[in-house]
Each structure stands twice: as C-alpha cells, then as structure tokens.
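Undergrad: Below: one structure in structure tokens.
Since every read-out is calculated from the coordinates, none of them should be taken as a lab result. All values derive from a computational prediction rather than experimental measurement. For neighbour counting, all protein chains shown are included, and Cβ atoms are generated from backbone atoms with ideal geometry for every residue, glycine included.
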Amino acid sequence: MSTAHAELESSAALLDDKAASRCRAVLTALFGEPRSRGFDVRFWDGTVDRGVNPNPPFTLVLNRPAALRRMLLPPNELSIVESYISGDVDIVGSMEAASALGEAIGDRLRSPLAIAKLVSLVMELPGQAEDDLADTRFPEHARKLGPRHTPVRDRAAIQFHYDVGNDFYKLWLDQRMVYSCAYFRTPECTLDEAQEAKLDHICRKLRLQPGERLLDIGCGWGGLIMHAAKHYGVDATGITLSENQAKLAREIIEQAGLADRCRVAIRDYRTLAAGDNYDKISSVGMVEHVGSSHLPVYFESAYRALKPGGLFMNHGIVSLSEARPRSIGEKIFRKFWKADAFIDKYVFPDGKLTATKDVIGAAEAAGFEVRDVESLREHYAMTLRHWVKSLEDKSQEATALVGNHTFRVWRLYMAASANAFATAAINVLQTLLAKPDERGRSNLPLTRADLYAGA
C-alpha cells in the first residue's frame, strides 16, 4: 500500500470517528446515555451501542454519517419520518415500538433552549444531498384542484390512497380484502376469522332482513356487500371513488355469482338522494376522509337516502386528543412539530380525524338518533399488527410492486397507527344510528341479546 493511500485511509477513518462521536452526542441529548435506552443503535460501520435491554424491541440503524442530520433538521415529525422513508435511517425489529421515538423526540423539544441546543449539535453533522421523495407524495397539482373536500379533490385524494394497486393490498389483507378494523372474538383468531366476524357483527347490528336494500358508502373491494347479500339475502349496492377498487370488486362479485343482488358504482356520497330509498346503510372507514367541515353534509346525505325507520351503521376512527383543550403553547408546538404532516403528504391526503362529539353531533343535527356506540380500539391495534407482519413477511414482493419508498411509507404508517390505538391516542367507533319513522319508531329490539345469540 502506498504512503498516499494509507494517509487517505487514515484521514477517512478519522472523519468517520469524528462523525460517529458527533452522532453519539446528538443521541445522548435526545435519549440519554446508551445504557439508559430501551433500544440499540447500530452505526454505518457496524458498531453497536447497546441499550439497557438485552433483547431490545428494535434497533435504530444509522446507514450513513448524515442520517441524523436528515432526521433532525429541521427538528420536526416530518423530518424524522422522511429520514426513514429515504433509507438514511432504518428499523430492525418492531416498527410499532420504534414509532414511539417521534413522541420521545417531541417531548425533548418543547422548549426553545432544547431546540437551540439540538440544532447546534446537529449542524456539526455531515450533510448530504436530499433524496427525492416526490414520487410518494400527494402531488401538488392535485392540491390545486380546489379547496379541501370538494368532490374533484376528494376523488383525487381517494385515488392516491387506494390506487397504489390492488396487487399491493392483496399481499397483506385477508382473503376478502377487507381494509378496516377486524373483530377478534379471541386473541387467537386469524385475520380471516376476525374480518368475517366483523362483517357479521355489522350485519347483525343493522338487523338485515332478506329482501332489504343495503347501501355501503365507501365499499372498498365489496367485502361487506357480498357478505350481506350471501348470508342475509339483501340487495346490496356499494359506492366508491376508486376506479381500481370498483373494477376488482365487480370481478369478484361476478366470480361469486352475486351480480344479480350485489353491485358497485363510482359515486360521491353527496349525490345520494331521497329517491334512493335504502332500508339500511353502512359506512366503514369512510368518515375519516370526509373532514370535520363536511360532516353535516355527509350525515345529511345518508339521512336523505335512508327510509324512515331505517338504520345507519357508521364505523370510523376518531381522535381522542381533538376533544381535549389545547393551550396556546401546545398549538404553537404542534404547528412547529408539523403534526399530521406525514399522513397528509404520504398516506391520506386531506384526511383529518375528528372528535367523537363532532361525529355524533353532526349525526344528530342531521336528524339521526344515536342508538348504540361501541369502541373497537384494541381490535384495530390487533388488526394492524396482522397487516404489518404480512407486509414485512412479503417485503420483497411489496417493494417490487410499489418501490422501496412506498413500502416504507406503509410499514411506518400502519405500525405507528397500531401504536396510536394501543396507547389510546385514537379510537375507532361503531355508531348505530336510527332514522325514526313518523311515529318515532326505530324498529329495534329492546335489548342487544339478538346481536350475540348464536355468535
């Protein structure tokens, strides 16, 4: 080896050691000394800083010296997320457990002094060129189609989320392709069993009878309408804004021999009219897309399309924090922290969770009577863990279909959601609403006993 070559290698090693030392200073400022942490950290050269746990739930991997700079500059939730999506940072082990890192960092940065100290440390880290993540974001031209929740922009947002590809969803959903919270009668249930139980639970709550007309708003790939038509003898219609979903749903319905009593249409919920005259209506995982400003229109549309004496089952995610008062300081921090920016840019454009009181208030204002509310929060954490495991088990197929960036978006999104449900940050509610007839009758039994008879 020449003297010049040896000098270059020695210089590179010194720079690497210096970068590692600076990274360790940043990590200590954020999470404390290594032996106080509940996770390990692996550096780009293979060295590992061991935490207190001999079997840590996850290892934070810094793939290059500039990884922490990408992760923490600017110091907000979106930067943390994008460092993972870009591949600068990786997680080996439980992504659900690792998703709490963002909260831990946010808790450390609630004072200007802490932010200033962190930024001064981060600025000493090596820099690098930005990775282009534009292909995974909701396109800017779609945001210019009009204000949030206009029909044309809602359609673009729905298509962005669901048109990632039917084959991608098939990799990790159950055999019916039901993309909503399952219902686990026991923790040992398989995902297929739990999703079938959920479909049946909804049908029982709606007290479906042969010959009734059922509408499912936001029907996905048709799992609920097919189950209702096959097992409860109803005439079922599903509506969606996703062309990909509708195309595959129609194919599945045709193959199942249910086309004479089961159909899917491309239709906006705002076009529902009194002449539609449905006996029962369901909506599963749709209200999250509506937006708080459009909740009145959403419930008014369902009320209009439902017969007097009919029932409406609204199943959707709500935010527990939205109902709680926030100080001015908390509001400022959330804006600085870019809370919810990841979901808005990469997963559910224009979607925003609302408080339970807003959902129920809008339903009652439209004329509905609330008859039953059930939380399935723990069930959704379990559902998401099944989805994440299936996605991780098929990571190579998923990456081949949608690319590494999109695979990482979905792994993080679903694991973080599991953590949010498990820690009571968000909830999912099934709300049974009645449209009383002219004599005030809801046509419901006096007790819930029928829901569980023979279940």
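Undergrad: Quick one: Kirkwood hydrodynamic radius for segment 196-340, alpha-carbon pairs, angstrom, one decimal?
TA: 16.5
Undergrad: Taking 45 Å as R0, compute the FRET efficiency from the Cβ-Cβ separation of Asp135 and Arg441 and round it to 0.05.
TA: FRET efficiency, Asp135 to Arg441: 0.25.
Undergrad: Looking at segment 3-131, what % of its DSSP beta bridges pair antiparallel, to the nearest 5?
TA: Working: 7 of 10 bridges.
The antiparallel fraction comes to roughly 70 percent.
Undergrad: Nearest 5 is fine: what % of DSSP beta bridges in the chain come out antiparallel, could you say?
TA: Here the antiparallel bridges make up roughly 50 percent for the chain.
Undergrad: In addition: Tell me which residues come under 5 Å, amide H to amide H, from Val264 once H is placed; ignore anything under 5 positions away on its chain.
TA: Here Gly238 satisfy the definition.
Undergrad: Would you mind giving the three semi-axes, in whole Å and largest first, of the ellipsoid equivalent to segment 111-269 according to its Cα gyration tensor?
TA: On the way: eigenvalues 330, 91, 47 Å².
For segment 111-269, the ellipsoid semi-axes come out as 41, 21, 15 Å.
Undergrad: Which one, (1) 21.6; (2) 24.1; (3) 23.4, gives Kirkwood radius over Cα pairs in Å as derived from the coordinates shown?
TA: (2)
Undergrad: Could you calculate, for segment 3-131, the ratio of the Cα radius of gyration to the Kirkwood radius, expressed as Rg to Rh?
TA: Using Cα coordinates only, the ratio equals 0.98.
Undergrad: Please work out how much length the chain gains when fully extended from Met123 to Arg24, using 0.36 nm per residue of separation minus the C-alpha to C-alpha distance, in nm with one decimal.
TA: Computed gain between Met123 and Arg24 is 34.3 nm.
Undergrad: By how many degrees, between 0 and 90 and to the nearest 10, does the Cα long axis of helix 295-305 differ from the longest principal axis of the chain?
TA: On a 0 to 90 degree scale, this one is about 30.
Undergrad: Subtract the Cα-Cα distance of Ala425 and Glu193 from 0.36 nm times their separation in residues, and report this length gain in nm to one decimal.
TA: 80.9 nm
Undergrad: For the chain, take the longest principal axis of its alpha carbons; what is the angle in degrees between that and the long axis of helix 112-122, to the nearest 10 within 0 to 90?
TA: 60
Undergrad: I'd like to know which of His289, Ser21, Pro34 lies farthest towards the positive end of the charge dipole of the chain, counting +1 on Cβ of Lys and Arg and -1 on Cβ of Asp and Glu.
TA: So the residue furthest toward the plus end is His289.
Undergrad: Taking the chain as the reference, fit the longest principal axis to its C-alpha atoms, fit the long axis of helix 223-232 to the helix C-alpha atoms, and give the angle between the two in degrees, 0 to 90, nearest 10.
TA: Relative to the chain, helix 223-232 is tipped by roughly 30 degrees.
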